[in-house]
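Colleague: Supplied in C-alpha cells, the structure appears directly below.
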Amino acid sequence: MAEPAYKRIMLKLSGEAIVGENGQVINFDVVGKICDQIIQVVQMGIEVGIVIGAGNIWRGRQGSNMDRTTADYMGMLATGINALALQDAMEQRGVPTRVLSAIEMRAVAEPYIRRRAVRHLEKGRVVIFACGTGNPFFSTDTTAALRAAEIDAEAILLAKNVDGVYDSDPKVNPNAKRFSQIDYIDVLNRGLTVMDTTAITLCMDNKIPIVVFGLNEENSIRRAVMGEEFGTRVGALL
C-alpha cells in the first residue's frame, strides 16, 4: 500500500464551502461530508490542523462606512462559530477535536498556545484554529500559512470550489489553462488569486507547499494527502 505524502497537514477551508441552499448559513449535511473526508485521513494516522474562513457569515466591511478593525474582529469571531460547527460534527463521528482560539473565549475554546496545539496533534486529535491570528488586517489564508509554519505542517491543503489554479478565471474564460505545478513567485508575479500575497510569501519563506484542489471531488482530501497528481501544487519547482 502506498505511503501518504505527508504526516502533518494544514487543511484550509472557506466559509462558503459549508453554505447550504435556501440561505442556510451552515449546511450540516455538507459539514458532515467534509468531516467524513477528514476522518479518512485521520484514520491513516495523519495529523490534521484546520483553518476555516467565515465568508458564509461575514465578509469584510459589509457596511460601507465600517471601521476596518471592527469588521475584521467580527470576521474573526465568525470563524469561531464555523470552528465549533466543525468540532461538533467531528466529535459526533467519534473523532477527538480541539478548537484553539487566537481570541480568548475560554467557555467554548482553548486559547491558542503553539506547544499545546502540537501536543494535541501528536495525540491524534484534530485541531481547529479559530479567530484568525487574533489581529485585524490578516486573512484566514495568512492564518493557515502562519499556523502551518508554527506547527511544522508539511503542506497546506487548500480546498476550493475550483479544481486547481488557472491562468484566468475558468468561469469566465472557457479556455483558461490549469497549472499542474507553479512556483510561489509566479503566483505573486501573475497576481493569481490562490491565497493572499502575505500567505503566499509566508509559505515561500518557510518552504511550505500548497496543494490546491476541488473539495467536491470524490475523496479529494485523501488523494491530496497521498500525493496524487491532481489539482495544482504551489511551491518550488521540482
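Colleague: By the gyration tensor of its Cα atoms, with a ≥ b ≥ c the square roots of the eigenvalues, what is the shape of the stretch 1-76: rounded for a/c under 1.5, prolate for a/b over b/c, or oblate?
Modeller: Note, shape of the stretch 1-76 comes out oblate.
Colleague: Here's a follow-up. Using the count of nearby Cβ atoms within 10 Å as a rough guide to exposure, how do Met76, Met204 rank from fewest to most?
Modeller: Listing Met76, Met204 from fewest to most nearby Cβ atoms yields Met204, Met76.
Colleague: Okay, moving on. Rank these for me by crowding, Ile113, Ile208, Ile185, going from fewest to most other beta carbons within 10 Å. Each step should come with its number before you reach the end.
Modeller: Details: Ile113 10, Ile208 22, Ile185 13.
Lowest count first: Ile113, Ile185, Ile208.
Colleague: Next up: So for the stretch 1-53, averaging the separation of alpha carbon pairs under 8 Å that are six or more residues apart and normalising by length, what relative contact order in percent results?
Modeller: Normalised by residue count, the contact order of the stretch 1-53 is 54 percent.
Colleague: Please compute the net charge surrounding Arg93, taking Lys and Arg as +1 and Asp and Glu as -1 over other residues with Cβ under 13 Å from its Cβ. Write out the running numbers ahead of the final one.
Modeller: On the way: positive: Lys33; negative: Asp36, Asp88, Glu91.
That sum, taken over residues with Cβ under 13 Å, equals -2.
Colleague: Can you give the charge dipole size of the stretch 88-184 about its Cα centre, rounded to the nearest 20 debye, using +1 on the beta carbon of Lys and Arg and -1 on the beta carbon of Asp and Glu?
Modeller: Computed about the Cα centre, the dipole is about 320 debye.
Colleague: Rounded, prolate or oblate: pick one for the chain, where a ≥ b ≥ c are the square roots of the eigenvalues of its C-alpha gyration tensor, a/c under 1.5 means rounded, and failing that, prolate if a/b is larger than b/c, else oblate.
Modeller: Rounded.
Colleague: Alpha carbon centre of the stretch 150-171 versus the stretch 51-122: separation in Å?
Modeller: Each part reduced to its Cα centre gives a spacing of 20 Å.
Colleague: Something else about it: Suppose each label sits 7 Å from its Cα in the direction of the beta carbon; what would the Gln92-Asn175 distance come out to in nanometres?
Modeller: 4.8 nm
Colleague: Taking the DSSP beta bridges in the chain as the whole, what percent of them are antiparallel, to the nearest 5?
Modeller: Details: 5 of 32 bridges.
For the chain, the DSSP antiparallel bridge percentage is about 15.
Colleague: Give, as a single signed number, the net charge of other residues whose beta carbon lies under 13 Å from the beta carbon of Val30, with Lys and Arg counted +1 and Asp and Glu -1.
Modeller: Combined, the nearby Lys, Arg, Asp and Glu give -3.
Colleague: With a ≥ b ≥ c taken as the square roots of the eigenvalues of the C-alpha gyration tensor of the stretch 89-135, please select rounded if a/c is under 1.5 and otherwise prolate if a/b is larger than b/c or oblate if it is not? Don't skip to the answer; put the middle values down first.
Modeller: On the way: a/c = 2.28, a/b = 1.42, b/c = 1.60.
Because a/c hits 1.5 or more and a/b fails to exceed b/c, the stretch 89-135 counts as oblate.
Colleague: Would you mind checking the pairs Lys33/Lys207; Lys177/Lys207; Lys12/Lys177; Lys171/Lys207 and listing those with alpha carbons more than 29 angstrom apart?
Modeller: Details: Lys33/Lys207 31 Å; Lys177/Lys207 25 Å; Lys12/Lys177 23 Å; Lys171/Lys207 31 Å.
Pairs exceeding the cut-off: Lys33/Lys207; Lys171/Lys207.
Colleague: Ranked by Cβ crowding within 10 angstrom, fewest neighbours first, how are Phe137, Phe28, Phe213 ordered?
Modeller: Ranked by crowding around the Cβ, least crowded first: Phe137, Phe28, Phe213.
Colleague: Then there's this: Amide H of Leu13 versus every other amide H placed in the peptide plane: which residues, excluding those fewer than 5 positions away on the same chain, fall under 5 Å?
Modeller: Hits under the 5 Å cutoff: Val51, Ile52, Gly53.
Colleague: Hey, another quick one. Roughly speaking, what is the centre-to-centre gap between the stretch 1-45 and the stretch 172-190 when only Cα atoms are used, to the nearest Å?
Modeller: Rounded to whole Å, the Cα centres lie 25 Å apart.
Colleague: Taking the C-alpha atoms of the stretch 113-235, how large are the radius of gyration and the largest Cα-Cα span, Dmax, in Å?
Modeller: Gyration radius and largest Cα-Cα distance of the stretch 113-235: 14.9, 47 Å.
Colleague: Please report the net charge: other residues with Cβ closer than 12 Å to the Cβ of Ala176, K and R +1, D and E -1.
Modeller: Net charge in that neighbourhood comes out at 0.
None of the figures in this text is laboratory data; all of them are computed from the coordinates on show. A quick note: this is a predicted structure, and the numbers were derived from the prediction, not measured. We place every Cβ from the backbone using ideal geometry, glycine too, and count neighbours over all the protein chains shown.
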